[in-house]
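The values are calculated or read from the model by the stated rules, or taken from the named source; none is laboratory data. Worth saying up front: this structure is predicted, and the values here are computed from it rather than measured. All Cβ positions, even for glycine, are placed from backbone atoms using ideal geometry, and neighbour counts span all protein chains on display. In case anyone asks, the SASA skips ligands and DNA or RNA and just uses the protein heavy atoms, side chains included. Shrake-Rupley method; radii C 1.70, N 1.55, O 1.52, S 1.80 Å.
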Amino acid sequence: MKNNLHEGLNYKTIWKICRFKSEADRQAKVLYSDEEALNAFGAKQSSEFEQNLLLNEGINELWKLVCGTGGTQFDNAHAYLGVGDSNTAPDDATLTGLQATTNKLYKAMDETYPTYGTAQKATWRATFGADDANFSWNEFTVANGNSNDAKNLNRKVSAQGTKASGQTWELTLEITLS
């Protein structure tokens, strides 16, 4: 008898940032033009970047949730997307949270996020308004709380430009397992 069992896990992460001049432009779905965006903050109107490092604290929290032994969910009431200005290399799974000293912010989920339960993926989204996270965006995470004291599932380092006062940026994280 032939054994066709195959063990493996495919894990794909996509981060996306949509950049708007203002909240009114976000509501109207009017992005910067690429030329305006490059002049304003050194990045395109929207960007996608892949991969990240799963952090040990987040993996262990997922196992608690899967096995029903406690843990805090990464749901609308608890999940936050975090951004910071640190470019500390993301090669250490024992890190906890964002590495920025002062320029970091954890932002609550938009109203209908996260989405999950179809297509083997979960999607988190948070909107950073005019007065939120006005610094260089170099590191990213999703956490089940609004600080480094929460469990951070992952961390990504990627220079994505500098958000200025008045701008609204929308950050989305999509994780697919198969």
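If a residue has to be modelled with pLDDT of 85 or more, under 22 Å from the mean Cα position of the chain (by Cα) and of a type outside the set (A, V, I, L, M) to count, how many in region 26-43 make the cut?
Final tally of qualifying residues: 4.
What residue, among those in region 4-20 that are of a type outside the set (Val, Ile, Thr) and open to solvent by less than 90 Å² (accessible area, probe 1.4 Å), is farthest from the chain's Cα centre (by Cα)?
Gly8
Which residue out of Arg155, Arg125 is under 18 Å from Ile17 (Cβ atoms), touching a residue at least 60 places away in the same chain (Cβ under 8 Å) and among the charged types (D, E, K, R)?
Going through Arg155, Arg125 in turn, just one is under 18 Å from Ile17 (Cβ atoms), touching a residue at least 60 places away in the same chain (Cβ under 8 Å) and among the charged types (D, E, K, R): Arg155.
Filtering region 123-169 down to residues that are open to solvent by less than 20 Å² (accessible area, probe 1.4 Å), within 14 Å of the chain's Cα centre (by Cα) and of a type in the set (Gly, Ala, Ser), which residue is nearest to Lys12 (Cα to Cα)?
Ranking the qualifying residues of region 123-169, first place goes to Ala143.
Wholly within region 1-92, which helices (runs of 4 or more DSSP H) include no fewer than the required count, namely at least 2 residues that are at negative phi and among the small types (Gly, Ala, Ser)?
In region 1-92, the matching helices (runs of 4 or more DSSP H) lie at 34-41.
Which of the residues that make up region 101-122 are hydrophobic (A, V, I, L, M, F, W, C) and either within 19 Å of Trp169 (Cα to Cα) or open to solvent by 50 Å² or more (accessible area, probe 1.4 Å) (or both)?
Leu105, Ala108, Met109, Ala119
I need a count of the residues in region 22-44 that are in contact with a helix residue (DSSP H, G or I) (Cβ under 8 Å, 6 or more places away or on another chain) and either open to solvent by less than 50 Å² (accessible area, probe 1.4 Å) or touching a residue at least 40 places away in the same chain (Cβ under 8 Å) (or both).
2
Do we find a residue being small (Gly, Ala, Ser) and either more than 16 Å from Asn152 (Cα to Cα) or open to solvent by 40 Å² or more (accessible area, probe 1.4 Å) (or both) anywhere in region 72-86?
Yes, some residue in region 72-86 is small (Gly, Ala, Ser) and either more than 16 Å from Asn152 (Cα to Cα) or open to solvent by 40 Å² or more (accessible area, probe 1.4 Å) (or both).
For Glu61, work out the one condition from (1) buried (at least 17 other Cβ atoms within 10 Å of the Cβ); (2) touching a Gly at 6+ places or on another chain (Cβ under 8 Å); (3) within 25 Å of Ala159 (Cα to Cα); (4) not aliphatic (A, V, I, L, M) it doesn't fulfil.
(3)
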